[in-house]
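Heads up: the structure comes next, in structure tokens.
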Amino acid sequence: REAKLLDRLGFEIPEAALNVTLQESTFHDTVARLREMLHRYHAAVDDLKPIECQLLQRKLAELRSAIRPGFSPLNWNSLHIAAYIEDVGKRLTEFSNTLLQVRKSADNLEDTCTEIGQAVLVREEDLRDAGATEVSELHEIIERRGQQRLDDLVAKHRSVQPVLEQIEGQVAQTATRTSPLLGEYYRYWERRFHNAITRMTIASIINFQMLLNVDVMGHRVLRPPRISHGGAGMDDADVDDMDGPDGEGAVLSGAMLIPAAPGGGAEFAASLPAAMIRAPGDESAVKEVGRPPLVLMHVTHARPKLVLKPDIYNISKHIRRCMDFLCCAPKAFSRWLHGTCIEARPEAVQGMTPPDFSHYMDMKSNKQIISIMMDMDPLVLSMLTEIRDFIGRWEEFGIADGLWKERKPSSFDRMVDRGFPITYFDAKLNTYSRLADKAEDMPSMRDVGFIRTDCSDVSRAHADQARHLVKKYAAVLLKGAQRRMAALQEQWDELVGQLDERPQDLDALK
């Protein structure tokens, strides 16, 4: 612009400035093409995730190498600017195409990871039609349905390996699943899947807790978290590092988690969203979460004790097995060999237990799972204690009145001979009639948590025994009355006979 104005004023223009002025349109076109090239570069690079930068570091290095000549040695009057722009454009197209393919494959991985993280092995619909049933049947339903879902999730977890192999082909042009260029990328996705498996395990345990109605005792309710990657609920940052030291905090022993250090569920509760916690006394949450009992316990009377079927030990055993199944679900998911996406399969050595290369080994010391398990035991214990109290009232029923006192058949005959007063029998008849009515009126069914206790057989047994004693005492009373009636009749007949006699003198008449 300055050269044109100076030329109009009649000044002599230097040759170099004149050459620039003559190439004005070419210069502006070059600037526009360079700006477009830079815009494409920033559009492709600026929104890269850290893991994508690491994965495509070789492609990025090649792209930056192609751009570097634009800083030096090329300048504004170089003859190779057009070739330079064309070369960088080709590299940008190659990089964008590779990035697009990688992201499409990563979306498939993300969908699988989210599906595993949102899965719940135990669902309410599994038990909706079962009602209150035998605890062994409950255990069978939970394990069978849970295993079906677990098998589907394991198949989906294994299906990601071909997807990762495809990404390896796009980035490293190999299909070995062991490329060093993707070592960190493989570790990233293994971590993501480990966290998803952890969320699945925690949600399944909490959902099973809710199905057991652990809230009916006035304790807090834990609702299963609504998990979505990057959304509300727990995300990857909420899950403990899977590379933490084994055995730190707790170890698994059979079906129970045994804490190695003091602590309970307070830390885990504090980490949960507020919507998952109900304060004691909040009855609205009880109505929302309460569910019909799952286990039916029959109580029968076998003199002199009550018999529970199934007993509390068997109920606890099957519930522990259900919890054990949920806690050990991560054993179905194999870890990957270091720097690869190939499953680690242990080799059997004679005389030695094969090592466990599953995600369970890293998850067994997870503090959140430990907290849930530690909270579970006192809640179940509270339920069983209330059941014992309910059954205990039936065990003590009628003891003070000798309802089930051993009586020999001859004892009732001796009552007749001893001639007990009518007030004695009146008291006995009133007592046992009252006990029979009370046994029928007392609640014979009690729902405590996940257990429905049925004492209807015991109620009938007590009522039948009380009525049996009423009949026995009534029979004794009748027999005694009959004897007294017979004696009175004999005395009456004797007096009537004496009236028929004709007295011989005045003294006989008296």
Of Lys331/Lys367; Lys156/Lys367; Lys408/Lys472; Lys49/Lys90; Lys438/Lys471, pairs whose Cα-Cα distance is over 20 Å: Lys156/Lys367; Lys49/Lys90
Sparsely packed GluC sites (Glu not before Pro) within segment 390-434, loop by DSSP, other Cβ within 10 Å at most 16: Glu396, Glu406
Net dipole in debye of segment 1-138 [+1 Lys, Arg Cβ; -1 Asp, Glu Cβ; about Cα centre; nearest 20]: 1040
Hull volume in cubic angstrom per residue (convex hull over the Cα atoms of segment 401-500): 105
Sequence-distant lysines (8 or more away, or on other chains) whose Cα lies within less than 16 Å of Lys305: Lys405
Separation of alpha-carbon centers, segment 369-387 and segment 445-504, rounded to whole Å: 51
Within straight-line cross-link reach of Lys428, aspartates and glutamates at Cα separation under 12 Å, skipping those fewer than 8 residues along the same chain: Asp401
Derived scalar couplings ³J(HN,Hα) [segment 99-113; Karplus, 6.51 cos²θ - 1.76 cosθ + 1.60; whole Hz; x for Gly, Pro]: 4, 4, 5, 5, 5, 4, 5, 5, 4, 5, 4, 5, 4, 5, 4
Ranked packing of 172-185, 373-386, most packed first, by mean Cβ within 10 Å: 373-386, 172-185
Student exercise, segment 394-435 dipole from Lys, Arg, Asp, Glu Cβ charges, in Debye to nearest 20: 160
Mean Cβ neighbour count within 10 Å, used as a protection proxy, ranking 466-476, 191-201 highest first: 191-201, 466-476
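Place a +1 charge on the Cβ of each Lys and Arg in segment 401-500 and a -1 charge on the Cβ of each Asp and Glu, then give the dipole magnitude about the Cα centre in debye, rounded to the nearest 20. Intermediate results must be reported in sequence, preceding the final value.
Numbers: 17 positive and 16 negative charges, 81 e Å.
That gives segment 401-500 a dipole magnitude of about 380 debye.
Every read-out reported here was derived from the displayed coordinates using simple, explicitly stated rules and does not represent laboratory data. Please read these numbers as outputs of a predicted model, since none were measured by experiment. Positions of Cβ are generated from backbone atoms using ideal geometry, with glycine treated the same way; all protein chains shown enter the neighbour counts.
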